[in-house]
Amino acid sequence: MKRILMIAYHFPPLAGSSGIQRTLRFVQHLPSLGWQPLVLSAHPSAYEKTSDDLLADVPAGTVVRRAFALDTARHLQIAGRYLGWMARPDRWISWKFDAIRQGLKLIEEFKPDVIWSTYPIATAHVIASALHRKSGIPWIADFRDPMAQEGYPADPLTWQRYLAIEADAAALARYCLFTTPGAARAYQQRYPAAASRMMVLENGYDEESFASAALQPKVAMPGVDELALGLRPLVMLHSGIVYPSERDPTQLFVALGRLQEAGALGPDELHIRFRASVHDDLLQSLALAYGVQDFIELCPATPYREALAEMMAVDGLLVMQASNCNAQIPAKIYEYLRAGKPIFGLTDPDGDTAGVLRGAGLNDMARLDSADEIAHALPALVRDWRRGKAVLAHPLAVQQASRHGRARALAALLAQATSSQGFAASRR
C-alpha cells in the first residue's frame, strides 16, 4: 500500500467547519483504494472550538500527528491587538515550525509517496512546500477555493503573501486541485504555464454518515399532512455559517418584509431556520429592522450527524452564495442534494453554485442581492412545496456527488502524481 502525507488544519476535533469533511472522508476512503493516509494536523489547543463527535470517524490505526500551534488572535494578542506579521498568511503561521519538524520525522519513518496539503489555512501549503523542497516527494496542493482575490485578503501585505504561496504551488506542485470549475479556470488563466496541472475535485457527501444520521433520534417535525392542510408553516433550513459579505441575507429579509406587508406571505406559511449561523446577532438585527422576526428562528450548532438528520427532516433547504463567490460552491450543497429535500438557491445564475443546482435539475433560484426576485419567487415556491409539487435533485446527480467517488478521483491523481512519466507529460 502506498502512503500519502496529508497536511490539514481542518481535522477532528476541530468543530464548526464543514471543511473538516474533505480531509476526513479522504482519510476514510483512501485505504480501500490502496493509499494509507498519514495525517499532520495542528494541536487542538489551536482550535477555537472542539468537539469529539467526529473523532470516531477517523479509522482505527490511522497515523495522526498534531504539531504545536498557536492562534495569534487568541494566544499572542496584548490588549486585543497583535502585530500583523504574526498572522501572515494566517493566524496559525506558528504551526509551520513544529509541523515541518514533525513532517520530516514522518517522512523518515513512513517514506510517503506523495504530500498533500489543503487550504483555506494557507500555512498548510507553506508547510507542504518546505517538506517537498527538503524531501523531493511529489506535492499536491488542494486549494479548494481561490486564495488571492480582488479585495481579499483586505490587508495588502497578506494579499501579497497569498499570491506568493499560490505562485509557489503553481510552480512546484504536481497538481493544484480546486473544488469548482470557475476557480480552476481562474487559476489556469493566472498561471498558464501550470494550466494542465490544475484540476477540479469537487466536495461531496458521505453516504455512511447519512446512513448513521437516519438512525438518529428523529428531529421534532410535524408531519406533511399538517403542512398540506395549512396547519403549520413550511420549515426551510439554512444549515451553516452566514458570512456577512459572501452570504448576506439582507435582501431576503427585505423581501419577506414586503411580502408580509402586502399580505402575500406570512409567518404562518413560512419559517426559515438558521442553524449554526455564527452571526446570530446580525440576523437578529436584520430581522428586527425589517419586521420579519416571526419568520426567523436562530438555532445553535449541533453535532454533524444530527445536522444531517435535520436536513432530512425539514420541508426544504436554503443555500445562499453571493456573486462575489461565483467561483465557489458551499460544501454543504452536496449534503443538501443527498438529503432529498427541495432546495431554494439564492445565488447568481452565472455562478458555479447555480451550475450545481441546475446540473441536478433544480431551478428554484433568485439572486441573493435582489429583493425583487426573491419576493417574486417565494410565494409560488412556498405554495408548490406545501402541495408536494417540489422538484427534487436528480438521483444520478446525487450519486455522482458521493465522497467515495471523489476519493476514487483523488486516488487516480495520486497514481499519476507519483509517476515520473505522468509528471513529465503534465508539464509539457
For the stretch 17-124: accessible area per residue (Å², 1.4 Å): 43
Residue by residue through the stretch 256-262, what is 3J(HN,Hα) from phi via Karplus (6.51 cos²θ - 1.76 cosθ + 1.60, θ = phi - 60°)? Round to whole Hz and write x for glycine and proline. 4, x, 5, 5, 5, 5, 7
May I ask you to give the percent of accessible area on the chain that is carbon plus sulfur, with a probe radius of 1.4 Å? 53
Work out from phi, with θ = phi - 60° and the Karplus expression 6.51 cos²θ - 1.76 cosθ + 1.60, the ³J(HN,Hα) of each residue of the stretch 185-199, listed in order in whole Hz, and give x for Gly and Pro. 4, 4, 7, 5, 6, 6, 10, x, 5, 9, 4, 6, 9, 10, 10
Shape of the chain from its Cα gyration tensor (a ≥ b ≥ c, root eigenvalues): rounded if a/c is under 1.5, otherwise prolate when a/b > b/c, or oblate? prolate
To the nearest Å², the heavy-atom accessible area per residue of the stretch 199-337 with 1.4 Å probe amounts to 41
Amide H neighbours of A331 under 5 Å, counting only residues 5+ apart in sequence or on other chains, H built in-plane at 1.01 Å? none
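Do the sum for the chain: with -39,500 (n - 2.57) for every DSSP H run of n ≥ 4, divided by all residues, what is the mean residue ellipticity at 222 nm, to the nearest 500 deg cm²/dmol? Please report the intermediate quantities before stating the final value.
Working: 17 runs with 176 residues, N = 428.
Roughly -12000 deg cm²/dmol at 222 nm, from the helical runs in the chain.
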Spelling out what I want: for every residue of the stretch 105-118, take phi, set θ = phi - 60°, compute 6.51 cos²θ - 1.76 cosθ + 1.60 (Karplus), and round to whole Hz; glycine and proline get x. 5, 4, 5, 5, 7, 10, 6, x, 8, 8, 10, 10, 10, 10
K105: which lysines have alpha carbons under 25 Å from its alpha carbon, excluding same-chain residues fewer than 8 sequence positions away? K2, K96, K134
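Can you tell me the relative contact order of the chain? Whole percent, Cα pairs under 8 Å, sequence separation 6 or more.
Taking the mean separation of contacting Cα pairs over the length of the chain, I get 14 percent.
The values are calculated or read from the model by the stated rules, or taken from the named source; none is laboratory data. The model shown is predicted, which means the values in this text are computed figures rather than measured ones. Just the protein is used for accessible areas: all its heavy atoms, side chains included, with ligands, DNA and RNA removed. Shrake-Rupley method; radii C 1.70, N 1.55, O 1.52, S 1.80 Å.
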